[in-house]
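A.B. asks: First the structure, then my questions, so here it is.
The values are calculated or read from the model by the stated rules, or taken from the named source; none is laboratory data. As the structure is a computational prediction, the values presented were derived from the model and not from experiment. Backbone-built Cβ (ideal geometry, glycine too); neighbour counts: all protein chains shown. Heads up: the accessible areas ignore ligands, DNA and RNA and are worked out on the full protein's heavy atoms, side chains in. Shrake-Rupley method; radii C 1.70, N 1.55, O 1.52, S 1.80 Å.
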Amino acid sequence: MNKKKNNVNDLLAAIKRQPTIPTPEKVDPVIIPAAQPKTAEPTKRDNPKKPAAAKKSEARKRGKPVQFWMHDDDRKLVRELSAWLAGQGVRPSDSMVIRAALRIAKTGGAFLEAYWQAAKLDGRIKRNGD
């Protein structure tokens with residue numbers, strides 16, 4: 001310990017500075033804020049519980065990881081939509097492009113036709129007549 005103090009003093013002497021260690025007598029009382037009584041801050045126990053409906057709506061806002069298997073044509077469509085959005089000044093992820101496409105999708109004949117086209121390409125479905 002004594003060696004450390006000598007090293008510090010030697011270094012300070014080398015740069016011609018004196019150590020400035022504040023002592024209680026030298027500390028200006030204006031600099032130190034006066035001790036103020038703490039106000040009671042609310043804790044988790046003090047907060048009333050949220051209604052069950054509010055908890056469910058918060059849970060819906062959180063996403064869950066989902067994995068999609070897409071063919072090259074599907075990826076090409078996602079890239080095309082991403083490129084269009086880039087032209088609009090937006091730089092979305094593939095996930096955001098798919099989510100946006102799902103939000104504008106409407107049921108009907110066009111959607112059913114698109115489903116059947118995708119089902120034909122799906123290798124997981126066994127077809128007896130093909």
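A.B. asks: List every residue pair whose Cβ atoms lie under 9 Å apart, where the two residues are 6 or more positions apart in sequence or sit on different chains, the first residue falls within segment 100-115 and is of a type in the set (F, W, Y), and the second residue, located anywhere, is in a helix (DSSP H, G or I) and open to solvent by 50 Å² or more (accessible area, probe 1.4 Å).
C.D. replies: Filtered contacts from segment 100-115: no entries.
A.B. asks: Taking only pairs six or more apart or across chains, which ones have beta-carbon atoms under 6 Å, a first residue in segment 58-72 that is at pLDDT 85 or above, and a second residue that is open to solvent by less than 100 Å² (accessible area, probe 1.4 Å)?
C.D. replies: Going by the 6 Å Cβ cut-off, the qualifying pairs are H71/L121.
A.B. asks: Would you confirm, using the coordinates I've provided, whether K49 is charged (D, E, K, R), in a loop (DSSP other than H, G, I, E, B), open to solvent by 100 Å² or more (accessible area, probe 1.4 Å) and modelled with pLDDT under 80?
C.D. replies: Against the criterion (charged (D, E, K, R), in a loop (DSSP other than H, G, I, E, B), open to solvent by 100 Å² or more (accessible area, probe 1.4 Å) and modelled with pLDDT under 80), K49 qualifies.
A.B. asks: In the set L85, L77, L81, L102, which member is over 21 Å from L121 (Cβ atoms) and not in a loop (DSSP other than H, G, I, E, B)?
C.D. replies: Matching residue, one of L85, L77, L81, L102: L85.
A.B. asks: Can you tell me which residue within segment 69-113, out of those that are surrounded by fewer than 12 Cβ atoms within 10 Å (Cβ to Cβ) and among the acidic types (D, E), is nearest to the chain's Cα centre (by Cα)?
C.D. replies: The qualifying residue nearest to the chain's Cα centre (by Cα) is E80.
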